[in-house]
Amino acid sequence: KAGVTQTPRYLIKTRGQQVTLSCSPISGHRSVSWYQQTPGQGLQFLFEYFSETQRNKGNFPGRFSGRQFSNSRSEMNVSTLELGDSALYLCASSSTLGQGTEAFFGQGTRLTVV
Amino acid sequence: DQQVKQNSPSLSVQEGRISILNCDYTNSMFDYFLWYKKYPAEGPTFLISISSIKDKNEDGRFTVFLNKSAKHLSLHIVPSQPGDSAVYFCAASDPDKLIFGTGTRLQVFP
């Protein structure tokens with residue numbers, strides 16, 4: 001069974017640009033979550049999608065958005081990039097929502113904003 | 001406001017000894033907790049979890065203890081091996097999202 005696939009693995013963008021990251025969950029998984037990891041901050045929750053609907057959103061500005069397609073693949077978009085957006089962006093998939101559900105992570109996309 | 005805290009950023013343990021990683025949380029409504037391990041350039045991998053109806057869960061060398069009254073959990077690794085060297089994250093299920101601590105870097109030396 002293939003794991004969670006994130007593309008691209010690395011990305012360098014300049015301030016003010018926008019970026020789109022992609023995540024393909026494990027086959028059969030309908031829940032996709034996105035996290036931002038920065039040094040000293042752990043993993044911060046961005047948003048979660050289930051069956052193409054955003055069910056939960058973290059405390060990030062509106063420049064961060066996402067969507068999920070009917071095949072459960074998900075994209076996240078960051079517009080008007082800032083230097084502070086440089087981070088590792090991780091996608092996680094799980095089969096259902098809720099308690100007792102473990103999430104499986106992809107390898108992440110390392111975004112550098114210069 | 002950090003709802004899940006790992007106050008030790010790093011821990012160094014000799015091979016064969018016990019590693020104890022600690023985690024505190026502030027929200028008494030949390031009732032499911034998970035530990036993840038992360039190697040550089042890889043995503044976190046699930047290690048072990050515990051529900052609040054239990055106070056202990058074991059899986060091989062890994063045991064997680066939960067003290068609900070103290071809002072504290074710990075991960076014990078016995079015996080520690082060099083391959084355990086990684087960053088360990090504690091997480092609480094909210095329940096539709098995971099709230100992570102900032103991680104503890106474990107180094108196991110020979």
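Rule-based calculations on the coordinates, nothing more; no lab input. Given the structure is predicted, the values throughout are model-derived calculations rather than measurements. Cβ atoms come from the backbone with ideal geometry, glycine included; neighbour counts cover every protein chain shown.
In the range A:5-101, which chymotrypsin sites (Phe, Trp or Tyr not before Pro) are in a loop and have at most 16 other Cβ atoms within 10 Å, using DSSP for the loop call?
A:Phe69
Explain nothing, just compute: Karplus ³J(HN,Hα) = 6.51 cos²θ - 1.76 cosθ + 1.60, θ = phi - 60°, for every residue of the range B:93-103 in order, whole Hz, x for Gly and Pro.
8, 9, x, 8, 9, 9, 9, 9, x, 7, x
Can you figure out the FRET efficiency of B:Ile18 with B:Lys54, using R₀ = 25 Å and their beta-carbon distance, to the nearest 0.05?
So, using R0 = 25 Å, E works out to roughly 0.75.
Report relative contact order for chain B in percent, whole number only (criteria: Cα-Cα under 8 Å, sequence separation at least 6). Don't jump to the answer; show the numbers that get you there.
Values: 264 pairs, mean separation 41.0, N = 110.
Computed over chain B, the figure is 37 percent.
Using alpha-carbon positions, what is the distance between the centroids of the range B:33-110 and the range A:1-60, in Å?
22
Going 7 Å from the Cα of B:Asn27 toward and past its Cβ, which residues in the range B:87-110 have a backbone nitrogen under 13 Å from where you end up?
Correct set: B:91-101.
Just to be sure I understand: with springs between alpha-carbon atoms less than 10 Å apart, which residue in B:Ala91, B:Ala70, B:Ala41 has the highest mean-square fluctuation in the Gaussian network model of chain B?
Comparing B:Ala91, B:Ala70, B:Ala41 in a Gaussian network model of chain B, the most mobile one is B:Ala41.
Rank B:Ser85, B:Ser28, B:Ser49 by mean-square fluctuation in a GNM of chain B with C-alpha springs under 10 angstrom and give only the top-ranked residue.
Comparing B:Ser85, B:Ser28, B:Ser49 in the GNM, the peak value goes to B:Ser28.
Which value in nm describes the separation of the simple spin-label points at B:Glu42 and A:Val114, placed 7 Å from the Cα toward the beta carbon?
For B:Glu42 paired with A:Val114, the spin-label model returns 3.0 nm.
Ratio of the range A:1-86's C-alpha Rg to 2.2 N^0.38 Å, to two decimals?
1.09
Average projected area of the Cα convex hull of the protein assembly as shown, in nm²?
Details: hull surface 48.9 nm².
The Cα convex hull of the protein assembly as shown, projected and averaged over all directions, gives 12.2 nm².
Enter the mean number of other protein chain beta carbons within 10 Å of the beta carbon of each residue in B:93-106, as an integer.
So the per-residue partner count for this stretch is 6.
Loop-only trypsin sites (Lys or Arg not before Pro) in the range A:1-93, please: DSSP not H, G, I, E or B, and at most 13 other Cβ atoms within 10 Å.
For trypsin sites (Lys or Arg not before Pro) across the range A:1-93 that sit outside H, G, I, E and B with at most 13 neighbouring Cβ atoms in 10 Å, the list reads A:Lys1, A:Arg9, A:Arg15, A:Arg63.
For peptide A:14-26, what's the mean number of Cβ atoms from other chains within 10 Å of each residue's Cβ?
What the average comes to for A:14-26 is 0.
Using Cβ contacts closer than 10 Å as the measure, can you line up A:Glu75, A:Glu52 from fewest to most?
Lowest count first: A:Glu52, A:Glu75.
Just flag the GluC sites (Glu not before Pro) in the range B:15-110 sitting in loop per DSSP whose Cβ has no more than 16 other Cβ atoms within 10 Å.
Within the range B:15-110, the qualifying GluC sites (Glu not before Pro) (loop, at most 16 other Cβ atoms within 10 Å) are B:Glu15, B:Glu42.
Mind telling me which of A:Gln41, A:Gln18, A:Gln54 comes out most flexible in a GNM of chain A, alpha-carbon contacts under 10 Å?
Looking only at A:Gln41, A:Gln18, A:Gln54, the largest GNM fluctuation is found for A:Gln41.
Compute, for the range A:8-66, the length of the dipole vector about the Cα centre, with Cβ point charges of +1 (Lys, Arg) and -1 (Asp, Glu) only. Units Debye, rounded to 20.
Values: 7 positive and 2 negative charges, 37 e Å.
For this selection, approximately 180 debye.
Counting only pairs 8 or more places apart or on different chains, how many lysine pairs in the protein assembly as shown have C-alpha atoms closer than 15 Å?
7
Need one value for B:29-41: mean number of C-beta atoms belonging to other chains within 10 Å of its residues' C-beta atoms. Mind showing how you got there, number by number?
Working: counts 0, 0, 2, 5, 0, 4, 0, 5, 0, 6, 0, 0, 5.
Partner-chain Cβ atoms within 10 Å, mean over residues of B:29-41: 2.
Please report the projected area of chain B's Cα convex hull averaged over all directions, in nm².
Averaging across all directions leaves 6.7 nm² for the Cα convex hull.
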